[in-house]
Amino acid sequence: MAAALPGLWFDGRTSGARPVEVRLQRAAEGPSLALQAEDGESLVLRHRQVRWPERWSAKRAPRKVVVDLGARGSLEISDPAAWEQALGAAGYQATVATRMQTRWTTFAVVLLAVVAVVLAFYRWGTPWVATQLTRQVPLSWETDLTQRALRDIDGEWLKPSKLPAQRQAALRARFDALAANLPAELRRYPGYQPKLELHFRHGMGANAFALPGGTVVMTDGIVELADKHQLGDEALVGVLAHEIGHVLHRHATRLVVEQGVLNVGLGLALGDVSWLASIGGSMLTGLSYRRSHESEADCFAVALMARTGGRTAPMADLLMKMDHGAKAGESAGWTELLSSHPATPQRAEALKRGESACR
């Protein structure tokens with residue numbers, strides 16, 4: 001029979017406390033609580049009928065224990081150590097949350113586990129989920145989105161190209177040759193067959209970009225920059241191969257999906273955090289995914305150029321010319337975290353070697 005503890009029972013029916021003997025008894029669902037008053041009245045409550053007080057660490061024991069008995073009032077125990085001993089003898093199993101509150105080692109282990117899960121979700125989970133969801137996005141949605149986006153871009157930032165028609169035709173022929181030599185192993189989505197089209201525009205400086213559904217835009221500025229430094233058309237073809245990689249990896253669509261999956265994941269992991277912390281975390285991780293997309297497109301360009309007998313070294317030289325502040329061999333350091341692209345010097349070095357820092 002369990003040892004009795006002295007206690008005071010505030011039953012809510014009388015104005016004073018009633019001295020009682022308290023016993024905690026082992027039960028399948030958890031310890032039950034039995035009271036025996038001096039006047040002979042007894043009370044037995046099952047585990048779920050008692051609002052058990054929070055546990056405490058040995059160094060922060062309270063002066064007394066107060067147990068909420070619900071409609072039956074409350075119980076006061078003046079010996080917390082004896083109460084703890086009786087709980088243990090009755091088979092009380094502390095929850096993980098309780099152990100976290102009373103043992104810093106448990107808290108540290110759980111915290112590390114949570115961090116590991118969040119990092120794994122960020123590193124592998126989100127990209128994998130986004131890839132699977134992107135498979136379900138129809139090509140028609142991408143082409144409709146691109147048509148609207150291109151109209152808006154043309155209305156705000158871009159104008160018709162001023163390149164000679166012969167120059168455009170020569171580059172478009174090189175682009176079409178790349179599109180005709182796409183091996184199956186370079187297609188991340190085997191059933192995805194967008195119509196690849198190259199458009200030329202004037203404005204936005206030296207630039208090239210891919211839109212969902214197969215559209216690639218190259219500006220006059222990047223063609224003029226390559227011509228100015230006598231880099232040859234191979235530098236521009238390397239850039240086009242990079243942009244085709246963006247199209248076939250569906251990076252624009254994946255970025256939208258990844259951001260959505262990431263926001264849901266951060267909300268579940270971080271819970272009720274400030275808006276600034278949530279948006280800040282989302283932005284930093286979103287930039288990381290964009291850097292990953294750029295590396296994937298570089299890998300694609302290296303493989304496609306090798307298949308067609310081209311080199312990516314001229315493309316590397318063009319990237320360095322586009323990034324005026326970049327110096328060969330220079331490390332970006334922590335500032336790369338705030339960039340949507342990997343550090344240009346490192347990209348250029350990898351492209352010159354015919355490889356890329358794939359992740």
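For the reader, a short list of remarks on this structure follows.
- Cleavage-rule hits (GluC sites (Glu not before Pro)) in region 3-41: DSSP loop, at most 13 neighbouring Cβ within 10 angstrom: Glu29, Glu38, Glu41
- Pairs with C-alpha atoms separated by more than 28 Å, drawn from the list Lys162/Lys352; Lys159/Lys195; Lys159/Lys352; Lys162/Lys195, are Lys162/Lys352; Lys159/Lys352.
- Here the simple spin-label model places points 7 Å from the Cα toward Cβ, and for Asp227 and Ala17 these points are separated by 9.5 nm.
- Computed with a 1.4 Å probe over protein heavy atoms only, the accessible area of Thr253 comes to about 10 Å².
- Once the Cβ-Cβ distance of Ala27 and Ser74 is raised to the sixth power relative to R0 = 25 Å, the FRET efficiency obtained is 0.75.
- Solvent exposure of region 194-251, expressed per residue, is 30 Å² of accessible area, with all protein chains present and a 1.4 angstrom probe.
- Projected label distance in nm at Lys195 and Ala170, using a 7 Å step from Cα toward the beta-carbon: 2.8 nm
- Solvent-accessible area, 1.4 Å probe, carbon plus sulfur percent, for region 124-268: 57 percent
- Counting only residues at least eight positions apart within a chain, or on another chain, the aspartates and glutamates with an alpha carbon under 14 Å from that of Lys64 are Glu54, Glu76, Asp79, Glu84.
- With a 1.4 Å probe rolled over the protein heavy atoms of all chains, the accessible area of Glu296, Glu258 falls in the order Glu296, Glu258, largest first.
- Other-chain or far-sequence residues with amide H under 5 Å of Glu197's (modelled H): Thr215, Val216
- Where trypsin sites (Lys or Arg not before Pro) fall in DSSP loop in region 193-258, at most 13 other Cβ within 10 Å: Lys195
- Ranking Trp141, Trp124, Trp52 from most to least accessible surface, computed with a 1.4 Å probe over the protein chains only, gives Trp124, Trp141, Trp52.
The values are calculated or read from the model by the stated rules, or taken from the named source; none is laboratory data. The structure displayed is predicted, hence computed values, not measured ones. Every residue, glycine among them, receives a Cβ derived from its backbone with ideal geometry; neighbour counts consider all protein chains shown. The protein model used for the area step is the full one, side chains on, heavy atoms only, and it has no ligands, DNA or RNA in it. Shrake-Rupley method; radii C 1.70, N 1.55, O 1.52, S 1.80 Å.
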